[in-house]
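This report concerns only the one structure given below.
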Amino acid sequence: MTKILIIYTGGTIGMVNNPHTGALIPFDFEQIQQNVPELARLNYDLDVYSFNPILDSSNMDPQIWAKIAGLINERYEIYDGFVILHGSDTMAYTASALSFMLKNLGKPVVLTGSQLPIGEIRTDAKENLITALEIAATKNNGQAMVPEVCIYFDYQLFRGNRSIKYNSEKFEAFRSPNYPKLAEAGVNLSFFNNYISQQPVSALRLETNFNTNISVLKLYPGISENAVKAITRSSAEAIVMETFGSGNTTTAAWFTDSLQEAVDAGKLIVDISQCQGGSVELGKYETSKKLQQMGIVSGFDMTFEATVTKMMYLLGQGLTYKEVSSLMEQSLRGELTA
C-alpha cells in the first residue's frame, strides 16, 4: 500500500468553528480520517505529523524549514511521498526553501492549504488535500511522477520555487508566472512531463544551513539617497534589489556610486524585476548596462521568494563570493531560466 506522510504545520486548512464561540480553532489532524472520511477511499496508508503548537505561516523561518526538511529526510525511505499542509501566505517561501534544502530529491513533496477552513460548506480544503495526496502517490513505472517540491492549489500543480501567491481572496491563490504548470486536475489528473524534473542520479542530501544576513532594496521613483544607503551601507552580506522592467534603475550618480561602494565592500547584489512576469536582462538598456559593468548579478526570471531563499542557502554553504555570484545565475533546482 502506498505510504504518504502528511506534515501539518498550521494554516486555514486545519481550522474548524468552535461550536461555543464561533471562532476558528485547529482540529486534531491525528484524527484526519474522521474529519475527511473521503480519504478512506484512496486506499493509502496515511501517517500524520502535527506541529505542536501549530504555526501561523507568517511565523515561518529557516529553523522551521530545516525542521520540515529534517522530517522528510528522516522518513525518506519509509514513505512514497509527502504532503505539507501550510498557511498560504508564506507557502511559496517554504516551497522554495525546501527545494534548496532537499538536494537530489526523488519523491514528491507537495505543499497545499486552503482559503476556507475545512469545516466550511464551500471549502476548498478537501479537494486540495485529496488531490495533493493523489499527486504525491502517483508513480510511473515504479518511479515518482513528480520528484520535486511543488504547490498544489485550485486544480493546478506548480513548481514550488516558481510559485507566487497572487490573490488572498480567490481559491486560485497561486500562479507560476515564468514556468508552466506541472499538472492539472480535471476529470483526470493530467501531468505535463516535459516540465517536470527528472529523477536524480544521487541519494537525497540534506542541506539546511541558511544565512539570513541579507537585505532588500526595492526601487521606486523618488527613492532617497538616505533610504538607499541605509541598505547598501548596512551589515547585510547580500542584497536583493527589485528593479524596474527588465532590470533597470535610475542612473543618478549618487545611486550608482552607492551600489559600487557596496560591491567594492564585498556585498553581493542580485537584480530581480518588480514585474511578476518576464526576466532581467542586464545591459539590454543603457540604464542597466552600468549595473552589469560594476558586477551586479542577474536574477533572471526568479521570483522574489526563490531569490531570497536561494541567497540564504548559498550564503550558508561556506562558498566564496565568486562562487555564490556564479551560482545565483545558475539553475540549481529549476528556479530560473537563464
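Computed from point charges on the beta carbon alone (+1 for Lys and Arg, -1 for Asp and Glu), the dipole magnitude for the stretch 192-338 about its Cα centre is near 100 Debye. Pairwise Cα distances in the stretch 237-288 exceed 13 Å for 59 percent of all pairs. With a cut-off of 14 Å between beta carbons, the residues surrounding SER234 carry a summed charge of +1, where Lys and Arg count +1 and Asp and Glu -1. For ASN17, neighbours were defined as the other residues whose beta-carbon sits under 14 Å from its Cβ, and their charges (Lys and Arg +1, Asp and Glu -1) total 0.
Residue by residue, the stretch 204-209 carries 3J(HN,Hα) couplings of 4, 10, 8, 10, 10, 6 Hz when phi is fed to the Karplus relation 6.51 cos²θ - 1.76 cosθ + 1.60 (θ = phi - 60°); x denotes Gly or Pro.
A cut-off of 5 Å between modelled amide H atoms, ignoring neighbours fewer than 5 places along the same chain, links GLN156 with ALA185. Taking every alpha-carbon pair in the chain and binning the separations at 20 Å intervals from zero gives 31, 53, 16, 0 percent.
For LYS103, nonlocal amide neighbours, meaning residues 5 or more places apart or on other chains whose placed amide H falls under 5 Å from its own, are ARG205, GLU207. Here the dipole of the chain is about 460 debye; that uses its Cα centre as origin and unit charges on the Cβ of Lys and Arg (positive) and Asp and Glu (negative). Scalar couplings 3J(HN,Hα) for the stretch 267-281, obtained by applying the Karplus form with A = 6.51, B = -1.76, C = 1.60 to θ = phi - 60°, are 7, 7, 10, 10, 9, 10, 8, 6, 6, 5, x, x, 9, 6, 10 Hz; x denotes Gly and Pro. Reducing the stretch 1-24 and the stretch 259-326 to their Cα centroids gives an inter-centroid distance of 39 Å.
Taking the helices alone, the chain has a mean residue ellipticity at 222 nm of -8000 deg cm²/dmol, built from -39,500 (n - 2.57) per DSSP H run of at least 4 residues and averaged over all its residues.
Measuring between alpha carbons in the structure, the pairs from LYS290/LYS322; LYS165/LYS218; LYS67/LYS107; LYS67/LYS218 lying more than 22 angstrom apart are LYS67/LYS218. Ordering SER96, ALA125, PRO180 by the projection of their Cα atoms onto the charge dipole of the chain, which places +1 on the Cβ of Lys and Arg and -1 on the Cβ of Asp and Glu, puts PRO180 at the extreme positive end. Packing order of peptides 253-265, 35-47, highest average first: 253-265, 35-47 (average count of other Cβ atoms within 10 Å over each peptide's residues). Shown in residue order for the stretch 159-176 are the 3J(HN,Hα) couplings computed by the Karplus curve 6.51 cos²θ - 1.76 cosθ + 1.60 at θ = phi - 60°: 4, x, 7, 10, 9, 9, 8, 10, 8, 9, 10, 8, 5, 7, 7, 10, 9, 10 Hz (x for Gly and Pro). Each of the peptides 171-177, 93-99 was scored by the mean count of other Cβ atoms within 10 Å over its residues; in descending order, highest first, they stand as 93-99, 171-177.
Based on Cα contacts under 8 Å between residues 6+ apart, the stretch 3-206 shows a relative contact order of 22 percent. Near GLN115, within a Cβ-to-Cβ distance under 14 Å, what is the net charge of the other residues, with Lys and Arg +1 and Asp and Glu -1? Residues close to GLN115 contribute a combined charge of -3. Apply the a/c threshold of 1.5 to the C-alpha gyration tensor of the stretch 216-338 and tell me whether it is rounded, prolate or oblate. The shape class here is oblate. Amide hydrogen proximity for ILE6: with H placed 1.01 Å from N in the peptide plane, the residues at 5 or more positions away or on another chain lying under 5 Å are ASP47, VAL48, TYR49, VAL83.
When a/c reaches 1.5 or more, the comparison of a/b and b/c decides; with that in mind, is the stretch 77-179 rounded, prolate or oblate per its Cα gyration tensor? Could the numbers behind the result be given before it?
Details: a/c = 1.99, a/b = 1.36, b/c = 1.46.
Oblate, because a/c is 1.5 or more while a/b does not exceed b/c.
Where a number appears in this text, it was derived from the coordinates with a stated rule and is not lab data. These figures come from a predicted structure and were not determined experimentally. Quick reminder, even Gly has a Cβ in these numbers, built from the backbone with ideal geometry, and neighbours come from all protein chains shown.
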